[in-house]
Each structure stands twice: as structure tokens, then as C-alpha cells.
Amino acid sequence: MAFVPVAELTSYIGKELGTSDWLTIEQNRIDQFAECTGDHQFIHVDPVKAKLTPFGGTIAHGFLSLSLIPVLMEGLMIMPEGLKMAVNYGLDSVRFVQPVREGSRVRLKVSITDVTEKNPGQWLIKARTEMEIEGQAKPAYIAEPLTLCFV
């Protein structure tokens, strides 16, 4: 994570911050997510039944893929100098383009689309993220996460 002077935050609007390292989505992670959320739909947790679907095997939950945004963008994201804390402020939009099959490697491409001072000492940073799937032309999703930074 890079810390930049507050006065320079808006200069990052429209800039791509880079791409994260690859992360392999293993069945164990999918199963743990199913256990935490109670979403045990067979396309996620039953390899035998899921093999008979058009996916050809189990797929990660869409919300599992989204939940990886903070960890994947951690090394890329900019934050204002003097940061006291940053909180997830939600998402402006999400579009799931294609599923993430078990065993796939994914990474996140991040760019900044907006920076707004919500209140004195509170900066809202809007990013555009694309979860790329190794070897696939289309991303898993395109999402616009919002981070509220307190300085």
C-alpha cells in the first residue's frame, strides 16, 4: 500500500495502479466460504454433481470472489498520508461476467476512478477492479469498491 499526500489524491483519478499477484482458488477455500455463509449449493461444494453442469466442475461463489478484493488490492491501493483507519464503504456496481472454476488462478487489476472529500478528514476513494482469470479473455467480474479513509 502506498501512502500519498492528501493534496495528491485526486491526481490518481484515471490511473491504473497495477495488477496483484496470482491466487489459486482451491476447493478448500470454496468449502470454507460455504461453511461461513451457509451457501452449500452443489455447484460450489459437490464436485461429482457439478461436473455434470455446463461449468464442468465446482465454481467459487461470486461473493467469495468479491471478498478477495481487499487482500488482492492491498499491495496496490493508495491511501492518504496520516491515515488513521480505512473502512469498506460498499460497492457502486458489480457485474459477474463468468464463473471462477475451482483450481483457477485469479488476480486483480485496479485503477482509481474517483476521489472525494466527504467531510473534513474523510476521503472516499472509488476504484475499478477487474478479477482476471488466468488463460481467459473475460474477467470473472468488474466491480467498483469504495473505501472511506479517515485522516
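The values are calculated or read from the model by the stated rules, or taken from the named source; none is laboratory data. All values reported here derive from a predicted model rather than from experimental measurement. Glycine gets a Cβ as well: all are built from the backbone with ideal geometry, and neighbour counts include every protein chain shown.
At-a-glance table
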quantity: Long-range neighbours under 8 Å by Cβ, at least six apart or interchain, first residue without any contact (Cβ under 8 Å) to a residue 60 or more places away in the chain and under 19 Å from Thr10 (Cβ atoms) within region 121-143, second of a type in the set (Phe, Trp, Tyr) and in a strand (DSSP E or B); calculated: Gly121/Phe150; Gln122/Phe150; Leu124/Tyr89
quantity: Any hit, region 139-150, residues being within 14 Å of the chain's Cα centre (by Cα) and part of a loop (DSSP other than H, G, I, E, B); calculated: yes
quantity: Any hit, region 43-56, residues being within 30 Å of Val151 (Cα to Cα) and among the small types (Gly, Ala, Ser); calculated: no
quantity: Residue list for region 1-27, filter: of a type in the set (D, E, K, R) and in contact with a strand residue (DSSP E or B) (Cβ under 8 Å, 6 or more places away or on another chain); calculated: Lys15, Glu16, Asp21
quantity: Checklist (1) in contact with a helix residue (DSSP H, G or I) (Cβ under 7 Å, 6 or more places away or on another chain); (2) of a type outside the set (Gly, Ala, Ser); (3) surrounded by fewer than 19 Cβ atoms within 10 Å (Cβ to Cβ) applied to Glu74, failing item; calculated: (1)
quantity: Top-ranked residue in region 12-52 [being hydroxyl-bearing (Ser, Thr, Tyr) and surrounded by 13 or more Cβ atoms within 10 Å (Cβ to Cβ); ranked as nearest to Thr113 (Cα to Cα)]; calculated: Tyr12
quantity: Residues (in contact with a Pro (Cβ under 9 Å, 6 or more places away or on another chain), outside any strand (DSSP E or B) and without any contact (Cβ under 8 Å) to a residue 60 or more places away in the chain) located in region 74-103; calculated: Val97, Gln98
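Here's the yes/no breakdown for (1) within 21 Å of Gln32 (Cα to Cα); (2) among the hydrophobic types (A, V, I, L, M, F, W, C); (3) buried (at least 16 other Cβ atoms within 10 Å of the Cβ); (4) modelled with pLDDT of 95 or more:
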| site | (1), (2), (3), (4) |
| --- | --- |
| Ala60 | yes, yes, yes, yes |
| Val87 | no, yes, no, yes |
| Pro99 | yes, no, yes, yes |
| Ser104 | yes, no, yes, yes |
| Arg128 | no, no, yes, yes |
| Ala140 | yes, yes, yes, yes |
| Pro145 | no, no, yes, yes |
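The rows are residues; the columns are (1) under 17 Å from Ala140 (Cα atoms); (2) under 13 Å from the mean Cα position of the chain (by Cα); (3) not in a strand (DSSP E or B).
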{"residue": "Leu17", "(1), (2), (3)": "no, no, no"}
{"residue": "Asp31", "(1), (2), (3)": "no, no, yes"}
{"residue": "Lys49", "(1), (2), (3)": "no, no, yes"}
{"residue": "Phe55", "(1), (2), (3)": "yes, no, yes"}
{"residue": "Pro70", "(1), (2), (3)": "yes, yes, yes"}
